[in-house]
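Structure, as C-alpha cells:
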Amino acid sequence: FASVYLAPIKLGFPPQEFKVLIDTGSEVLWVKSNACANCPRYNRLGSAASSTAGSLPCSNQFCAAATRTAATHCVSHQCSYTIQYADGSGTSGLYMTDRFYLSSISPDSMVASSSALVVFG
C-alpha cells in the first residue's frame, strides 16, 4: 500500500504557495521551476517573482558536502543535482535557496508562522 503525503508550504518573497510531496526516499525538497519545459504549467516557482531567490554556488558548504554523492555536481559554478528513484522516475536541476514559510496550528487554534532560508531543487 503506497501513500502520498502533501504539505502546503510557501517559498520566496512575496510568498508563493506550493503543495510539496513529502518524500521519505530523498532528502531533497524539489519544486518545478518556470524553466522546466516538460513540467505541468501549474504550481511552478518563478525565481523572477521572488526577491529572495538565488542559485546555490558550488562554493557553498551545502554543495561541497553534497558533491560527495554521485547525485550532485557543479555546472557553470552552480550546484546541480540528478536523482533517480527506484521506480525509474527522477529529477534534475539546480539547487536554489529561498525563504521557506510554514504555518502550524496549536491546540488552542492559534496559527503560528515561521520562516527560514532553505536549499531545495
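See the values below:
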item: Hits in region 51-65 (condition: modelled with pLDDT of 85 or more and either more than 24 Å from N34 (Cβ to Cβ) or among the charged types (D, E, K, R) (or both)); result: S59, Q61
item: Evaluation of H77 against (1) over 12 Å from the mean Cα position of the chain (by Cα); (2) in contact (Cβ under 8 Å) with a residue 60 or more places away in the chain (one fails), failing number; result: (2)
item: Region 52-84, residues that are part of a strand (DSSP E or B) and of a type in the set (F, W, Y); result: Y81
item: Members of region 92-113 found to be among the polar types (S, T, N, Q) and at pLDDT below 80, listed by number; result: S103, S104, S106, S109, S113
item: Test result for R68, on the phi < 0 side of the Ramachandran plot, among the charged types (D, E, K, R) and either surrounded by fewer than 16 Cβ atoms within 10 Å (Cβ to Cβ) or modelled with pLDDT under 85 (or both); result: yes
item: Condition met for F13 (surrounded by 13 or more Cβ atoms within 10 Å (Cβ to Cβ) and either part of a loop (DSSP other than H, G, I, E, B) or at pLDDT below 80 (or both)); result: yes
item: Hits in region 85-102 - residues which are in a strand (DSSP E or B) and touching a residue at least 12 places away in the same chain (Cβ under 8 Å); result: T91, S92, G93, L94, M96, T97, D98, R99, F100, Y101, L102
item: Flag if T24 is part of a loop (DSSP other than H, G, I, E, B), more than 16 Å from G121 (Cβ to Cβ) and either modelled with pLDDT of 85 or more or over 15 Å from the mean Cα position of the chain (by Cα) (or both); result: no
item: Odd one out for C74, checked against (1) surrounded by fewer than 12 Cβ atoms within 10 Å (Cβ to Cβ); (2) at pLDDT 80 or above; (3) of a type in the set (A, V, I, L, M, F, W, C); result: (1)
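The values are calculated or read from the model by the stated rules, or taken from the named source; none is laboratory data. Since we're looking at a predicted model, the values are computed, not measured. Because the Cβ atoms are built from the backbone with ideal geometry, glycine has one as well, and the counts that use them run over all protein chains shown.
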